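The values are calculated or read from the model by the stated rules, or taken from the named source; none is laboratory data. All values reported here derive from a predicted model rather than from experimental measurement. Please note: Cβ atoms are built from the backbone with ideal geometry, for glycine as well, and neighbour counts cover all protein chains shown. Side chains included, ligands, DNA and RNA excluded: accessible areas come from the protein's heavy atoms. Shrake-Rupley method; radii C 1.70, N 1.55, O 1.52, S 1.80 Å.
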Amino acid sequence: MVERAKVCPLLGFSILCAIVLNSFVTQVSASIHDYNYEAFIPQSNAFFFHGGSEGLYASEVHDSASTSPDKPLKGKSLVRFEDVVFVRTKEAASKQNEMQQSTGLVEAIILEVKDRERIGGAFLKTDVICCTPSLAESGSCKLGEVIIQKNPDNPEWPKRIKTSFAGKNEEVTMEPEVVEINSTGMYYLYFMFCDPQLKGTLIKGRTVWKNPNGYLPGKMTPLMTFFGIMSLAYLALGLLWFLRFVQHWKDIIQLHYHITAVIALGMCEMAVWYFEHSNFNSTGMRPMGVTLWAVTFTTVKKTVSRLLLLVVSMGYGVVKLTLGGITSRLLILGLVYFIASEALELVEHLGNINDFSKKTKLFLVLPVAFLDSCFILWIFSSLSKTLEKLQMRRNMTKLELYRKFTNSLAVSVLLSIAWIGFELYFNATDPLSELWQIAWIIPAFWTLLAFALLIVICVLWAPSRNPTRYAYSEENVEDFDEEGISLTSVKATGDAASKLERIGLIDDLEEDKRE
């Protein structure tokens, strides 16, 4: 009861933290890239602004006549420009001739990542991006424009859309444009200009990126199916656990309630994530409330799962009756982990679709990684003590149970280390996200690993008619360590052995209190 009373404030505080964090997070445009008076960056002899990048599948419908009037975009993959406005400085505008039609050119360039070498003068053996007078004279490009080498297999790509300022106007609005995608790939959008007089120009507006079956980014599309399957998997596990729970409800111990809580959190987490991805796919906007709840369920489940592994490793309910004074330290570690993990998840899922800075990500990842290391060290340290205690008591049933659990945990740690190495290699060798179609397996692995560990715990500590095989009980005289008695050099009679066993049990209880 003490442990349960202390866990409730932790969950309550976790929900409160989620509500507070919610107040600092703004509405997110997911497949919609918003530009809010952002500046162009100088590069070589050009100025550019990264308008976004997405993995897009090829359109399933190429003939607009085959689509229904009420859903003209169904089955199409596209990039749509909406209300894109370029704003130059007053100084730049004042230098122009009011009667002149074009006094400054800005280009929107969409390219597939495999064609990146076609932008700029690399194919002309030069490192410039914009056409120079000498290159213009040779007929290689047009002066004042970005150098683009057309793809011979698809002469329309890379795609160039031109927008020009007129006279002394400080603003120019890009014509509404829809670019259809007919080839599966990772696409990048850049806004660029070559005229140095346009330095200081800003961009506002937005672009909408859509896949054939919805607005979900290509690398996230398989995750919706994955979360749907995992929802069913958790539901199946929950039903099996519930049947076992009801069948042996008289033999239920406190640990079973903790396992039930983790299963319930897992079911909610997967279901909410599936609903969030489905809504995202339909509207192109991440549903703020649903995403927040999905992130919070994930963080709470991760925290409770780690605490469950830790208390199981300590032998709670199996080797020791209570956690003693260590309960407060467990809750503090869990609370700190929740806050650090929640901050990281919120930034990753509720931040702008454009990648946030690597420094910001590192600042948020490091605390979570450090706390995970603390959990791992504490778990294996506790397991070592628990195994040693069971071996001394010669309780072979429980010892075998914990050996299986230790082996499973060790395998999961080795798999985690190997997967982290693969993840680092994957990110290092794919800086431009060319392997976006398989990127979903990285987050999916961690979900599968957590589910596998939960199944192991459910199997090892399943409710049964013989709870003494894992439940805490005062061991009989036969279970006591005879070798330990012999070391005292006492010729133990039956009464003396019982006395020594009682002393041993008292020592264990005192140790629990000290912990």
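Using a ≥ b ≥ c from the Cα gyration tensor of the stretch 173-257 (square roots of the eigenvalues), is it rounded, prolate or oblate, where a/c under 1.5 gives rounded and otherwise the larger of a/b and b/c decides, a/b for prolate? Prolate, because a/c is 1.5 or more and a/b exceeds b/c.
When peptides 294-300, 402-408, 39-45 are sorted by average Cβ neighbour count within 10 Å, with the highest value leading, the order is 294-300, 402-408, 39-45.
Taking a Cβ cut-off of under 13 Å around Asn169, the surrounding Lys, Arg, Asp and Glu residues balance to a net charge of +1, with basic ones at +1 and acidic ones at -1. Of the residues Leu105, Pro155, Leu135, the one whose Cα sits farthest towards the positive end of the charge dipole of the stretch 70-175 is Pro155 (charges of +1 on Lys and Arg Cβ, -1 on Asp and Glu Cβ, taken about the Cα centre). Counted by Cβ distance under 13 Å from Asn211, the other residues give a net charge of +2, where Lys and Arg count +1 and Asp and Glu count -1. The charge dipole of the stretch 104-197, taken about its Cα centre with unit charges on the Cβ of Lys, Arg, Asp and Glu (plus for the first two, minus for the last two), comes to roughly 240 debye. Take the Cβ atoms of Arg394 and Cys374, set R0 to 41 Å, and the FRET efficiency comes out at 0.80. The 1.4 Å probe gives accessible areas that order Lys204, Lys162, largest first, as Lys162, Lys204. Please tell me which of these pairs span more than 28 angstrom C-alpha to C-alpha: Lys114/Lys302; Lys142/Lys168; Lys76/Lys301; Lys125/Lys210? Violating the 28 Å limit, Cα to Cα: Lys114/Lys302; Lys76/Lys301; Lys125/Lys210.
Accessible surface for Ser305 stands near 30 Å², nearest 10, in the context of the full protein assembly shown (1.4 Å probe). Using only alpha carbons, the stretch 150-202 has a radius of gyration to Kirkwood radius ratio (Rg to Rh) of 1.03. Placing a label point 7 Å from the Cα of Glu91 along the Cα-to-Cβ direction, the residues of the stretch 156-179 whose backbone N falls under 17 Å from that point are 170. Charge tally around Gly139: other residues with Cβ under 15 Å, Lys/Arg +1 each, Asp/Glu -1 each, net 0. A crude spin-label estimate for the pair Gln101 and Val413, with each label 7 Å from Cα along the Cβ direction, gives 7.3 nm. Projecting label points 7 angstrom from Cα along Cα→Cβ for Lys250 and Asp430 puts them 5.6 nm apart. Between the listed residues Tyr187, Ala166, Gly238, the Cα displaced farthest toward the positive end of the dipole of the stretch 125-262, a dipole computed from Cβ unit charges relative to the Cα centre, is found at Gly238.
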